[in-house]
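The values are calculated or read from the model by the stated rules, or taken from the named source; none is laboratory data. Remember, it's a predicted structure, so these values are computed and weren't measured experimentally. Reconstructed Cβ throughout: ideal geometry from the backbone, glycine too, with neighbour counts over all protein chains shown.
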Amino acid sequence: MKKWIALVLSLLMALSLASCGSSGGSVSTGAGSSAASSGADQSAAASTEADQSAEAATSAESDAGDGQLTPVTVQLKWVQQAQFMGYYAAKELGIYEDFGLDVTILPGGSVDVVDEVDSGRAQFGDVWTSTAMSAIANGASVMSVAQWYQNSGMTLVSMKDTVADPTKVSEGEVVGNWGGGNEYEMQAYLASLGLPIDYVAEDYDMQQLIDGELTWSSAMTYNEMGLLFEDGYTMDDLNVLYMEDEGFGMLEDCLIVDTAWAEENEDTVVAFLEATSLGWAWCLENTAAAGSLVFNAEDTANTVSEYHQQFEAAEVAKLIVGDNITIGDRSTYNMLGYLDADKYAQTYDILSQYVDVSNIDATKCYTSYFYELAAGDEKYQAALDNFDAYTWDGTFEVLYQG
């Protein structure tokens with residue numbers, strides 16, 4: 001069945017490529033186009049592997065025309081986790097191959113994702129939207145082409161009966177965060193209460209909260225919260241403030257490309273966006289399998305348990321769907337990658353309070369051009385409605401029952 005789908009997709013893709021040249025029009029940007037645990041430093045290995053991919057990618061369009069797979073690299077911002085399950089699923093299920101792509105996925109940690117993309121060592125990168133904005137303000141020639149996460153997963157967590165008021169941070173309570181661009185939502189929230197915005201440097205294991213060194217700990221719904229649950233804590237033991245609900249949510253994981261490269265390789269960008277979206281769609285309906293798929297994917301050491309990967313997959317799915325997608329209603333899956341202009345503006349506004357981005361127009365940091373090309377691709381739209389033939393041949397047990 002999978003080979004049959006591949007054949008159909010290949011024929012339809014050939015027709016699609018014939019009707020829209022690789023650089024037949026300039027990329028339209030902005031509003032004018034409608035709209036858990038610490039990873040090891042893998043920067044040296046990532047750069048070496050990505051350099052090879054960058055050289056191969058220069059012949060991307062000609063390779064596709066010859067029926068060969070186009071080699072591209074995607075650099076992730078963090079280690080191999082279900083946070084990025086859409087990419088891993090698209091690769092492991094053979095979706096990338098069906099769309100003519102040979103994709104290398106590079107886990108991150110301490111790698112500068114924007115620099116990897118801006119330098120050409122990677123063709124695609126997964127970063128938080130605010131990171132892309134800051135980099136563009138500093139001269140990076142990149143842009144966002146898809147917004148995967150529709151809602152923020154950032155929270156502040158405290159232990160029950162350890163705070164003055166469980167519904168907010170109070171004066172004198174110690175707040176932790178990892179920094180590195182992760183702190184802006186928390187700082188904006190604290191400022192709204194008239195509190196100091198300084199914080200204690202936080203580790204990734206939640207031990208400082210458990211040991212009482214922090215009153216409030218920053219935690220992603222899909223990562224650090226899971227570590228607490230694995231340690232035996234339940235929601236009855238915790239107070240949780242969701243930055244999205246408090247009105248300070250910022251857009252997180254998005255897909256970035258080098259602007260000039262994207263203009264010259266339009267079809268490759270669209271194919272990658274479409275195939276990755278199908279990977280996300282499959283994950284939404286198969287979260288336990290998706291978590292185990294990521295746990296077993298590639299040849300990279302896992303930093304968390306298989307249970308945690310399944311928990312993370314279930315929680316990430318909630319952030320991917322946001323307010324526009326309903327799991328099981330495939331007619332809504334064409335919203336995967338959609339960028340909400342209002343949330344984008346809020347992200348820029350919060351960021352601008354702590355980082356000087358005054359030299360850039362926020363609407364010039366993204367484009368919906370490629371998203372709209374995918375929306376008009378009948379082959380892709382049909383695949384979104386019928387991807388059941390894509391199955392993972394791995395074995396797994398449902399470990400997370402949430």
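For the reader, a short list of remarks on this structure follows.
- Test: residue 343 is basic (Lys, Arg), crowded, with 18+ Cβ neighbours inside 10 Å and either touching a strand residue (DSSP E or B) at 6+ places or on another chain (Cβ under 6 Å) or not in a loop (DSSP other than H, G, I, E, B) (or both): yes
- For the range 224-241, the count of residues that are within 19 Å of the chain's Cα centre (by Cα), over 26 Å from residue 353 (Cβ atoms) and not hydrophobic (A, V, I, L, M, F, W, C) is at least one.
- Taking the criterion of being surrounded by 14 or more Cβ atoms within 10 Å (Cβ to Cβ) and among the small types (Gly, Ala, Ser), the residues of the range 178-218 that qualify are 181, 188, 191, 217, 218.
- Positions within the range 113-131 being closer than 20 Å to residue 185 by Cα and part of a helix (DSSP H, G or I), in sequence order: 129, 130, 131
- When 217, 144, 134, 158 are screened for being more than 30 Å from residue 114 (Cα to Cα), of a type in the set (Ser, Thr, Tyr) and either at pLDDT 95 or above or assigned to a loop (DSSP other than H, G, I, E, B) (or both), only 158 passes.
- Qualifying residue in the range 179-190 (condition: under 30 Å from residue 337 (Cβ atoms), of a type in the set (A, V, I, L, M, F, W, C) and modelled with pLDDT of 95 or more): yes
- When each of 303, 326 is tested for being in a loop (DSSP other than H, G, I, E, B), polar (S, T, N, Q) and buried (at least 18 other Cβ atoms within 10 Å of the Cβ), the lone residue that passes is 303.
- Matching residues in the range 255-290 - criterion: being among the acidic types (Asp, Glu) and in a helix (DSSP H, G or I): 263, 264, 266, 267, 274, 285
- A single member of 276, 300 is modelled with pLDDT under 95 and under 30 Å from residue 135 (Cα atoms), and it is 300.
- Criterion: surrounded by 16 or more Cβ atoms within 10 Å (Cβ to Cβ), touching a Phe, Trp or Tyr at 6+ places or on another chain (Cβ under 6 Å) and hydrophobic (A, V, I, L, M, F, W, C) - qualifying residue of 319, 373: 319
- Here residue 252 clears all of (1) at pLDDT 95 or above; (2) more than 22 Å from residue 320 (Cβ to Cβ); (3) of a type in the set (D, E, K, R) except the condition numbered (2).
- Each residue in the range 53-112 was checked for being at positive phi and either at pLDDT below 90 or surrounded by 24 or more Cβ atoms within 10 Å (Cβ to Cβ) (or both), and 3 of them qualify.
- Residue check, residue 266 of a type outside the set (A, V, I, L, M) and buried (at least 20 other Cβ atoms within 10 Å of the Cβ): yes
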